[in-house]
Structure formats: structure tokens, C-alpha cells
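K.L.:
Before we start, here is the structure in question, set down as C-alpha cells.
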């Protein structure tokens, strides 16, 4: 993209706090070896951003792959303990490579290893946000990765041994971008972006230059399965992009193998697939929606779903048909509507035992019943659907009514 040309995506070009997610397929060559030039190109792009007064965080995969290479293994092992060993060996090498490249440019980076529990507890989440913010203030680039040595569920495989369980750095990068109020998340992968068809089956398939985040089902259908080298794939990148864009962050999925792709994306060129930011959430809402793991599930009838979505009500026991899981007051719970459709998340006003009692119609046996299972100010509903028109809003026929 010419420096004098007007950016085609001005919202992307204007980003001041940027998260770069680097996939395993970017850092490795086709023969499995380290693609050092690509790593250096990413560091150079980060350096250019810092020189322009912007802030950069890097979420990097590749520790297991580097461990495999360092240990002289022919392929990534399938046994969990062996993958942990590869992660331990590879992580130190990964950060060392980043450190060496940044030092050549008189810059400093810092290793940050995280697990899911770092996001579930709000106090730890706030401490993490403060620490990362301080690093950025000192012009330090955090190199973030999941702590695969202890977060073993992220390294495990499914029963059919065909792919890893969900849990990858794509989701982690969306959490980091959303929690830190990043303006832009760039998901670098080994393809040019999200295609409107399967390029392996349809030679006419083209990269979608702009994704419609309100058409979630179509986007997920277009995404494929996990990639060979890492845990994530295009589907996990689309999920991450939808989450981050809902948190008010611009997102671009682009190739990390083409040297000019990342600079073009950062300049606002039409490279890769752009997920425009949707109206943002507050820090507390981002924690509810993305950071904390749900401890239980509340199954809602259609009347309750309509009351939450169209009338801004709190969730009452009368609108809940079933309670699942074990949770305490203050834990995050999932809200699911008829047919298993995800509705949102919220902070429980009581523990699961009390919730089951209230749902069963025996609230009078519990002293000081708050009469609300989830208060409206502690609810975050799925916002990926288009806002309803006036004709779509149902008439208030539900028994789920807000008490005076």
C-alpha cells in the first residue's frame, strides 16, 4: 500500500493499542523448521508501531513445535506428558528468539504465561490488566502464551485423536484484546484470510475482505477445522474474531507468511478479512462475557429469553426450567434458551442449591430471597444478531415479569 494512499480501513489504520496473534503455521516452515525471517518481520512491524507511539502486545504460539525441533523428535508427540515437555523446552527458546530480535532493535520484551484461572477470578484479572498496562507504559512488548506446562487440558486430544480440544491462543488473544481495551487484533495465520468457499474444492473461492459479524452461522460454516501444526484453525480464529469485535475491537485475519501483509493491514489496506468492531462493552461486561469460565447453566423458557432481550428485565426463577452445574453466589453462569441456543452470561445472585429451590417454586423456604437469579446489570446477552425491528419484538405474554 502506498504511504500516500488513503487507508481503505481508516478504523484499522487509526488503532493505537494493537494485539498481534502469531500462529504456529506462521513461525514454522513447511518442513517444520523455524521460519526465523517471518519472526523477525513481525518484530520489525512491532518496532515500527512503537516508533509511531503505539502500544503492541504479541500472543505467540509455537512453543510445542520448537520443543519438538529442539529435542530432535520426528513429529509432535500425542502423549500429554511428552507434549508438556516439548512446551517447557520450546517456550524458553521461543521467548529467547523474540528477545534476541527485539534487542537488535534496542527494544525490550517480556514473557507472560497465562492459564484460564488467571481470567476466572476478577481480582487476578484486574492484577493482570494492571501489570500488562504498566509494561506497555514502559514501551515493553509482552510476549503472551498459554502456560501449556500446567494448562494440560489445552494440550490434550479428543477421544478420536483427530484434533485437540477447544482451547488455543486465538481465544487467548481475543481475551487479551477485549480485556485491555485494544483497538485492533490481527490474527496472523498461514492463509490469506477467510474464504467465501473452500479453495481446495472451488478454484473461484475468494477471500472475504469484510465479514458480517451479524451472520455468525454463515461465518462459522465457511471456517474449516484445525490446522495441522497448532491447536487452532480458521474456525477458532472466526470465533475469536467475533468475540473481540463484540468487545469493541477491530479484527483482521491475515497471512503471516507474506512479508508485506502485516504492514499493509496496519496501514489500513484491504488485506485479509476484516471484522469491524461492534458497539463495545464495559470492562465489567467484558469480564462477564469473555474472561471468567462459567460454573453452571440456567435453561430459560422462551418467555424469559424475550423478557431479557426485548424488555431489559432481570432473570427471575419463574423463567428458568432447569439448573445445571455447581456454582456459588458471584460465579458466572451460562444462559441457554429453548433448543440449546446460547443467550448470554451473567453473575449468579445465589448458589446452585438456592437456585434449584427457587426454580422449584419453594422460594419462601429461603430467607431474604432476592427474587432474581441474575440481575439485569450483571447480564451480558449475545449481541451478534441484528437489533430487532419493532415488528419483531414479541408482545409481553411471558410469566417472566420484572417485580416492582
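Residue-wise test of (1) out of contact with any helix residue (DSSP H, G or I) (no Cβ under 8 Å at 6 or more places or on another chain); (2) buried (at least 17 other Cβ atoms within 10 Å of the Cβ).
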residue: 275; (1), (2): no, yes
residue: 278; (1), (2): no, yes
residue: 282; (1), (2): yes, no
residue: 295; (1), (2): yes, yes
residue: 323; (1), (2): no, yes
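K.L.:
How many residues, within the range 96-113, are crowded, with 19+ Cβ neighbours inside 10 Å and closer than 30 Å to residue 289 by Cα?
P.N.:
Of the residues in that region, 2 qualify.
K.L.:
Oh, and also: If you go through the range 129-151, how many residues are under 27 Å from residue 105 (Cα atoms) and either in contact (Cβ under 8 Å) with a residue 40 or more places away in the chain or in contact with a helix residue (DSSP H, G or I) (Cβ under 7 Å, 6 or more places away or on another chain) (or both)?
P.N.:
11
K.L.:
Return yes or no: is residue 45 in the same structural domain as residue 276 (by TED's automatic domain parsing), farther than 23 Å from residue 149 by Cα, out of contact with any strand residue (DSSP E or B) (no Cβ under 6 Å at 6 or more places or on another chain) and surrounded by 14 or more Cβ atoms within 10 Å (Cβ to Cβ)?
P.N.:
Yes: the conditions hold for residue 45.
K.L.:
Another question, then. Within the range 16-41, can you find the residues that are in contact with a helix residue (DSSP H, G or I) (Cβ under 8 Å, 6 or more places away or on another chain), surrounded by fewer than 24 Cβ atoms within 10 Å (Cβ to Cβ) and assigned to a helix (DSSP H, G or I)?
P.N.:
Across the range 16-41, the qualifying residues are 36, 38, 39, 40, 41.
K.L.:
Something else about it: Take residue 205 and tell me if it is in contact with a strand residue (DSSP E or B) (Cβ under 9 Å, 6 or more places away or on another chain), modelled with pLDDT of 85 or more and within 30 Å of residue 126 (Cβ to Cβ).
P.N.:
no
K.L.:
Among the listed residues 323, 343, 333, identify the single one that is within 20 Å of residue 121 (Cβ to Cβ) and either modelled with pLDDT of 90 or more or assigned by TED's automatic domain parsing to the domain that holds residue 214 (or both).
P.N.:
Result of the check over 323, 343, 333: 333.
K.L.:
If you don't mind, another one. Does residue 84 satisfy being in a helix (DSSP H, G or I), under 21 Å from residue 132 (Cα atoms) and touching a residue at least 12 places away in the same chain (Cβ under 8 Å)?
P.N.:
Values: in a helix (DSSP H, G or I): yes; under 21 Å from residue 132 (Cα atoms): no; touching a residue at least 12 places away in the same chain (Cβ under 8 Å): yes.
No; evaluated as a whole, the condition is false for this residue.
K.L.:
Please give the number of the condition residue 95 fails out of (1) in contact with a helix residue (DSSP H, G or I) (Cβ under 7 Å, 6 or more places away or on another chain); (2) part of a helix (DSSP H, G or I); (3) touching a residue at least 12 places away in the same chain (Cβ under 8 Å).
P.N.:
(1)
K.L.:
For the range 184-285, which fully contained helices (runs of 4 or more DSSP H) count at least 1 residues that are closer than 26 Å to residue 379 by Cα? Before you say what the answer is, go through the steps one by one.
P.N.:
Details: elements: 216-222, 234-246, 261-266.
Where helices (runs of 4 or more DSSP H) fall fully within the range 184-285 and carry at least 1 residues being closer than 26 Å to residue 379 by Cα, they are 216-222, 234-246.
K.L.:
Considering only the range 98-119, state which residues are modelled with pLDDT under 85 and either in contact with a helix residue (DSSP H, G or I) (Cβ under 7 Å, 6 or more places away or on another chain) or in the same structural domain as residue 332 (by TED's automatic domain parsing) (or both).
P.N.:
Residues satisfying the conditions are 118, 119.
The values are calculated or read from the model by the stated rules, or taken from the named source; none is laboratory data. In this text the structure is predicted, and so the values were computed from the model without any measurement. Using ideal geometry, Cβ is built from the backbone for each residue, glycine included, and neighbour counts are taken over all protein chains shown.
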